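The structure under discussion appears below in the form of structure tokens.
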Amino acid sequence: MTTTSSESSDRPLHRQNAIDLVGQLLTVLRQHGDRATADPLTELAEHLDRAVRSFHMEAIRFRMFSFDRGAQAAAGLPPTVRELFDRIRLELEAAGFATRSVAN
């Protein structure tokens, strides 16, 4: 697969969009009333933020996997959490990051 110059020039924008969305996700999680549910996911989102900012591909993949599993297992999260996570994944993939351990 070849990458056009337009696609590669948009990658920093997609990465920044992902960082912004992780910030929004953290805000939603920090405002969630059930700390027992939100705190572990907040910690994972903070790790994801650091991984994206540092371009650490393996850490991004691992944190995305861990957050996805944790969010699926958590009860009572607002739908915004899943929506933001899905948008983060799309932005990271558009930025050239592999976010899945196995192709779906």
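Summary of computed values
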{"quantity": "Some residue of region 35-42 being in contact with a Gly (Cβ under 9 Å, 6 or more places away or on another chain) and surrounded by fewer than 18 Cβ atoms within 10 Å (Cβ to Cβ)", "calculated": "yes"}
{"quantity": "Filter pass, Ala71 being on the phi < 0 side of the Ramachandran plot and modelled with pLDDT under 95", "calculated": "no"}
{"quantity": "Answer from Arg11, Arg50, Arg30 - the residue that is modelled with pLDDT of 95 or more, more than 12 Å from the chain's Cα centre (by Cα), surrounded by 12 or more Cβ atoms within 10 Å (Cβ to Cβ) and of a type outside the set (S, T, N, Q)", "calculated": "Arg30"}
{"quantity": "Region 74-104, subset among the polar types (S, T, N, Q) and surrounded by fewer than 17 Cβ atoms within 10 Å (Cβ to Cβ), residue nearest to Asp34 (Cα to Cα)", "calculated": "Thr80"}
{"quantity": "Residue that is surrounded by the fewest Cβ atoms within 10 Å (Cβ to Cβ), among those in region 53-68 that are touching a residue at least 24 places away in the same chain (Cβ under 8 Å) and touching a helix residue (DSSP H, G or I) at 6+ places or on another chain (Cβ under 7 Å)", "calculated": "Arg53"}
{"quantity": "Selected residue [surrounded by 16 or more Cβ atoms within 10 Å (Cβ to Cβ), over 17 Å from Ile19 (Cα atoms) and within 13 Å of the chain's Cα centre (by Cα)] from Ala45, Ala71", "calculated": "Ala71"}
{"quantity": "Condition check for Gly76: outside any helix (DSSP H, G or I), out of contact with any Leu (no Cβ under 6 Å at 6 or more places or on another chain) and without any contact (Cβ under 8 Å) to a residue 24 or more places away in the chain", "calculated": "no"}
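The values are calculated or read from the model by the stated rules, or taken from the named source; none is laboratory data. Note that the structure is a prediction, hence the values are computed from the model and not measured. All Cβ positions, glycine included, derive from the backbone under ideal geometry; neighbour counts span all protein chains shown.
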